[in-house]
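Trainee: What follows is a structure written as structure tokens; I'll ask about it next.
The values are calculated or read from the model by the stated rules, or taken from the named source; none is laboratory data. None of the values given here were measured: they were computed from a predicted structure. Glycine also receives a Cβ, built like all others from the backbone with ideal geometry; neighbour counts cover every protein chain displayed.
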Amino acid sequence: MRKYRKLTWILLKCGMGNAMSTGSTGKKKKSRKLSGAALWLLMLVCLLPLAYMMFQAGQSGYEMLAPLGQEGLLLEMACFTGGMATLILGLPYILSVFYMSGDVQTLLPLPLKPVQIVGAKFTVVWVYETATTAFLLLPLLIGYGTAAGAGISFWIASLAGLLLLPVVPMAYAALISMIFMRIGKGAKNKSLLTTLGTVFILIISMCVGMFSSQLENMDQEGLVNLLTAGKNSLVGFLSKLFPNLRFLVKAMTGEGLAHLPLFFAVTAVILVVFLFVAGKLYFGGVLSMSETTSKRQKITASESEKLVRRRSAMSTYVKKELHLLFRTPIYLLNCVLILLIWPALFLVPVVISMFAQFDSVSEGFAAMKGMLGALSSAGADPQAAAVAALVVVAGSYGITLFVGSMNLVCATAISREGSGFIAMKYLPMSYRDQVKAKLLSGLLPGFVGTTGYLLILLAIGVYWGVPLWAAALGILISLVVNFGMNCFQLWRDVCRPKLVWANEQQAVKQNFNSMLSMLVLWVLGGLIGVLFGWLYWKFEVPIGALAGIFTAALAALDVLIYRILLRSADRRIAEYE
Amino acid sequence: MSMIRLAHISKTYAGTHKAVDNLDWEIEEGTITGFIGPNGAGKTTTLKMITGILEPDEDGSIEINGIDIGKNPVEAKRQFGFVSDSPDNFLRLKGIEYLNFMADLYDVPTKERKERIASFASRFEMENALKDRILSYSHGMRQKIMVMGALLHNPSVWILDEPLTGLDPKSAFALKEMMKEHAAAGKSVLFSTHVLEVAEKLCDRIAVINKGKIVYRGTLDDLRKQFREGESLEEIFLSMTKDA
């Protein structure tokens, strides 16, 4: 136990204490501290709307469900969502911390039992996940508690829930990772295997989460009976995936704090089982991580012709960036694939639930064909065409804003360099040129990530008879917004890169820049959207003219941000040591 | 003519700790200069300032082949090849990709890069490793690929931070021979080392740094004359840095 405590303390100190560290030295230390505080404040301000939304959801959810006696369902849904978020977001994090962290090679030769290493690393991840879950759930619980006029037992149970909720999903995520790494221990290309495996596990986890609900399988009459029975009869039906949830919810809904020990007990049993299994599995998988495969083959003359070829410094730098991005599983997952996966994960349940309303898949397709036919005939109506133009223009903007903000390539471009940052300083390429190359490497996944969704939108628009100019404007808006967002994200990282990190996950996930950039872009993007809507409805400006003016204004903003970025590159990168 | 010239160079960390104190130093062409000193004496800090990784405190200037690195950094950086003390960079690139990357940044024509890659690979016995990722290399192989990348553009000035660490005897011998050939061609090599025997056998000149100040600069023979006859280089070094 003493070794576990010591190790946990060391890992926490090394990993968690530098979320905002930069490569700067004593120079301008005071002003940097002040700007750091200002950034925290800015982030809190950006988070306020989201926190308020969650607070409102808690309040109004209670007011809606309490008359039916089903208010516990809201708590269970919230806790279940928090658990699923931990499971899905925790998977890559656990893989990184347990298997790819730089400290693994240091810890393995030490006289430590696998369970001590797993326990310490699990605790480190738990601290991070608890902070994330608390951020999501706390405002909702406060909203619920104030609406319900909850007593002390609710707040005690809520506190216990916030602290222990991540344990079970984390145990699941860690077990899945360990089984996966154990199976794949003989694989030659571990990076590719890890990436593909993580994507596969994410999809499976989402499906398990979606279909584990007993409500899905219940007939309508049974559901109505349960709903009208009151007394939180629906609690426990949402999911069997996290068996400790029902006890927590019962403790929170005033059915007595006596349920709280049961919540603790079930959580503890799952944790003990996990630690026992992890003790058996961990070394088997982690020991193979240090094995690297190589071909040890000579380059043939024909290969040399292909491989050794002169390119411009800019294109070779972009290529290097993309190679490092695509070959590092953590970067690929968190910076690139996430912007392709997340919207897909939102779309898949929608499509499945749409098709689930029909008796057969062919019936579903027929209905969809009819819907598109209706859209097509609506296109003849000039009013409908104007609405279609608005949908395409606003949709392009919204899709690019949402999908593009998840593109962390530029937001972490300098941070990902880590200790290798010094190469940026001695290579014979100006800092602004290196930053331009990094911008290009971020724009590429950004455009690819948004194009797919944009094409779907435009295809629907074409059926709807959207005018050609609106489609072209939609594409232009997407390009302009993407460029501006990437410039902004890169500028943030140029100004305050996180260069000190122990594992690659910290460079992207525990990076203040990525979160701040995302929040600022959402808030700014939202405000611009609101301004657009206000001008459109208040003054009835024609959609084409208004969208054209906005696009031109956004393009001008792009030029401004781009210039600021290049100037910052010259000045700031020279300062970092 | 001096290939590297430092004038009034100082470096202060955290506003108080002076790692390098008012250094004036000229490194002549056609020489191999060994830079020795105890841990924390200021060797790496000095090399990092020469290569543009660290900015010196105000007032000082550093010139490589007459080009001021503060005023014309990109052109100054083209003059030298630098091997840092940590070879763990670009690990997910293949060896050949890394060499190509470096050759592109230094504008090495295709024909020349092919010839040099083949020559270096042969001398360092890396022919069978270039298609593999650097991640799969041993420490010594990583060091070798970094040396190859740094020398690919045939720079007139070599700056190497502990270049022999981790190299097998054959590769260490090859690198030392290359350093001698380079100096014999009228160019210069500056490298830091802890291994006094290496400095003794390889260097035309040495510089000993202690607490941020260069306490000796010159040939080894001249240094020996200042101490008792029969004293080893190790004893001389320990005596010069005893208060480190």
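Trainee: Among the residues of segment A:383-415, how many are surrounded by 24 or more Cβ atoms within 10 Å (Cβ to Cβ), of a type outside the set (A, V, I, L, M, F, W, C) and under 30 Å from A:Gln506 (Cβ atoms)?
Mentor: Total satisfying the criteria: 5.
Trainee: Let me ask something additional. Out of curiosity, is A:Thr86 closer than 19 Å to A:Met515 by Cα, surrounded by 23 or more Cβ atoms within 10 Å (Cβ to Cβ) and not aliphatic (A, V, I, L, M)?
Mentor: Numbers: closer than 19 Å to A:Met515 by Cα: yes; surrounded by 23 or more Cβ atoms within 10 Å (Cβ to Cβ): yes; not aliphatic (A, V, I, L, M): yes.
For A:Thr86, the condition - closer than 19 Å to A:Met515 by Cα, surrounded by 23 or more Cβ atoms within 10 Å (Cβ to Cβ) and not aliphatic (A, V, I, L, M) - is met.
Trainee: Next question. Condition first: crowded, with 20+ Cβ neighbours inside 10 Å and in contact with a strand residue (DSSP E or B) (Cβ under 9 Å, 6 or more places away or on another chain). Can you find one or more residues in segment B:165-175 that meet it?
Mentor: To start, the set of residues in segment B:165-175 that are crowded, with 20+ Cβ neighbours inside 10 Å comprises B:167, B:171, B:175.
Next cut, in contact with a strand residue (DSSP E or B) (Cβ under 9 Å, 6 or more places away or on another chain) only: B:175.
The answer is yes; a qualifying residue exists.
Trainee: Here is a list: A:Ile156, A:Ile176. Which entry is touching a helix residue (DSSP H, G or I) at 6+ places or on another chain (Cβ under 7 Å) and assigned to a helix (DSSP H, G or I)?
Mentor: Numbers: A:Ile156 fails: touching a helix residue (DSSP H, G or I) at 6+ places or on another chain (Cβ under 7 Å).
One residue alone meets the criteria, A:Ile176.
Trainee: Taking the residues in segment B:59-99 that are within 11 Å of chain A (Cβ to nearest Cβ) and of a type in the set (Asp, Glu) as candidates, determine which candidate is surrounded by the fewest Cβ atoms within 10 Å (Cβ to Cβ).
Mentor: In this case the residue turns out to be B:Glu75.
Trainee: Here is a follow-up. Just the residues that are in contact with a strand residue (DSSP E or B) (Cβ under 7 Å, 6 or more places away or on another chain), of a type in the set (A, V, I, L, M, F, W, C) and either without any contact (Cβ under 8 Å) to a residue 60 or more places away in the chain or in a loop (DSSP other than H, G, I, E, B) (or both), please, taken from segment B:195-236.
Mentor: B:Cys203, B:Val215, B:Leu220, B:Leu223
Trainee: Go through the residues of segment A:101-113 one by one and say whether even a single one is of a type in the set (A, V, I, L, M, F, W, C), under 20 Å from A:Val167 (Cβ atoms) and assigned to a helix (DSSP H, G or I). Give the derivation first.
Mentor: Looking only at segment A:101-113, we keep the residues that are of a type in the set (A, V, I, L, M, F, W, C), and these are A:104, A:107-108, A:110, A:112.
Then drop every residue that is not under 20 Å from A:Val167 (Cβ atoms), which leaves none.
No, segment A:101-113 has no match at all.
Trainee: Still on this structure: Pairs, please: C-beta under 6 Å, at least 6 apart or cross-chain, first residue assigned by TED's automatic domain parsing to the domain that holds B:Ile62 and in segment B:7-26, second surrounded by 15 or more Cβ atoms within 10 Å (Cβ to Cβ) and basic (Lys, Arg)?
Mentor: Note: pairs meeting the criteria are B:Thr12/B:Lys18; B:Ala19/B:Lys11; B:Val20/B:Lys11; B:Asp21/B:Lys213; B:Glu26/B:Arg5.
Trainee: If I go through segment B:4-42 residue by residue, how many of them are farther than 15 Å from B:Val189 by Cβ, away from chain A (no Cβ under 14 Å) and outside any strand (DSSP E or B)?
Mentor: The number of residues fulfilling the criteria is 6.
Trainee: Of the residues that sit in segment A:420-446 and are assigned to a helix (DSSP H, G or I), touching a residue at least 40 places away in the same chain (Cβ under 8 Å) and within 11 Å of chain B (Cβ to nearest Cβ), which one is farthest from the chain's Cα centre (by Cα)? Show your work before the answer.
Mentor: To start, the set of residues in segment A:420-446 that are assigned to a helix (DSSP H, G or I) comprises A:420-426, A:431-446.
Restricting the remaining residues to those that are touching a residue at least 40 places away in the same chain (Cβ under 8 Å) gives A:421, A:424-425, A:431-446.
Remaining after also requiring within 11 Å of chain B (Cβ to nearest Cβ): A:421, A:424-425, A:431-434, A:437.
Details: A:Phe421: 26, A:Met424: 29, A:Lys425: 31, A:Tyr431: 30, A:Arg432: 29, A:Asp433: 30, A:Gln434: 27, A:Ala437: 25 Å.
Among those that are assigned to a helix (DSSP H, G or I), touching a residue at least 40 places away in the same chain (Cβ under 8 Å) and within 11 Å of chain B (Cβ to nearest Cβ), it is A:Lys425.
Trainee: Go through segment A:300-314 residue by residue and tally those that are facing chain B (nearest Cβ under 8 Å) and at pLDDT 85 or above. Please lay out each step first, then the result.
Mentor: Kept after step one, since they are facing chain B (nearest Cβ under 8 Å), are these residues of segment A:300-314: A:303-304, A:307-313.
Within this subset, residues satisfying the condition of being at pLDDT 85 or above are A:308-313.
Residues flagged as facing chain B (nearest Cβ under 8 Å) and at pLDDT 85 or above within segment A:300-314 amount to 6.
Trainee: Testing A:Ile152 on (1) surrounded by fewer than 18 Cβ atoms within 10 Å (Cβ to Cβ); (2) over 23 Å from A:Phe263 (Cα atoms), one condition comes back false. Which one is that?
Mentor: (2) is the only condition that A:Ile152 fails.
Trainee: Hey, another quick one. Condition first: buried (at least 20 other Cβ atoms within 10 Å of the Cβ) and either in contact with a Ser or Thr (Cβ under 8 Å, 6 or more places away or on another chain) or closer than 30 Å to A:Ala389 by Cα (or both). Now tell me which residues in segment A:427-456 satisfy that.
Mentor: Passing the criteria: A:Gly442, A:Leu443, A:Pro445, A:Gly446, A:Gly449, A:Thr450, A:Tyr453, A:Leu454.
Trainee: Here's something else I'd like to know. Taking A:Phe276 as meeting all but one of (1) in a helix (DSSP H, G or I); (2) under 28 Å from A:Leu192 (Cα atoms); (3) modelled with pLDDT of 85 or more, write down the number of the exception.
Mentor: (2)
Trainee: Okay, moving on. Taking the condition of being part of a helix (DSSP H, G or I) and within 12 Å of A:Ser514 (Cα to Cα), how many residues in segment A:405-419 meet it? Break it down into steps so the answer makes sense when it comes.
Mentor: So the first thing to find is which residues in segment A:405-419 are part of a helix (DSSP H, G or I), and the list is A:405, A:415-419.
From what's left, within 12 Å of A:Ser514 (Cα to Cα): A:405, A:415-416.
Summing the residues that are part of a helix (DSSP H, G or I) and within 12 Å of A:Ser514 (Cα to Cα) in segment A:405-419 gives 3.
Trainee: Being small (Gly, Ala, Ser), part of a helix (DSSP H, G or I) and within 20 Å of A:Gly61 (Cβ to Cβ) is true for just one of A:Gly145, A:Gly119. Which residue is that? Spell out how you get there, then give the answer.
Mentor: Values: A:Gly119 fails: within 20 Å of A:Gly61 (Cβ to Cβ).
Criteria check complete, one pass: A:Gly145.
Table: residues versus (1) modelled with pLDDT under 85; (2) of a type in the set (Phe, Trp, Tyr).
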site: A:Phe512; (1), (2): yes, yes
site: A:Val520; (1), (2): no, no
site: A:Leu527; (1), (2): no, no
site: A:Val530; (1), (2): no, no
site: A:Trp534; (1), (2): no, yes
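Conditions tested, residue by residue: (1) crowded, with 18+ Cβ neighbours inside 10 Å; (2) touching a residue at least 24 places away in the same chain (Cβ under 8 Å); (3) not in a helix (DSSP H, G or I).
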site: A:Val466; (1), (2), (3): yes, yes, yes
site: A:Leu473; (1), (2), (3): yes, yes, no
site: A:Met485; (1), (2), (3): yes, yes, no
site: A:Arg492; (1), (2), (3): yes, yes, no
site: A:Gln506; (1), (2), (3): yes, yes, no
site: A:Gly529; (1), (2), (3): no, yes, no
site: A:Ala556; (1), (2), (3): no, no, no
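Trainee: Only one of these is under 19 Å from B:Lys43 (Cβ atoms) and either surrounded by fewer than 19 Cβ atoms within 10 Å (Cβ to Cβ) or within 14 Å of chain A (Cβ to nearest Cβ) (or both): B:Ala121, B:Ala185, B:Ala129, B:Ala150. Name it.
Mentor: B:Ala150
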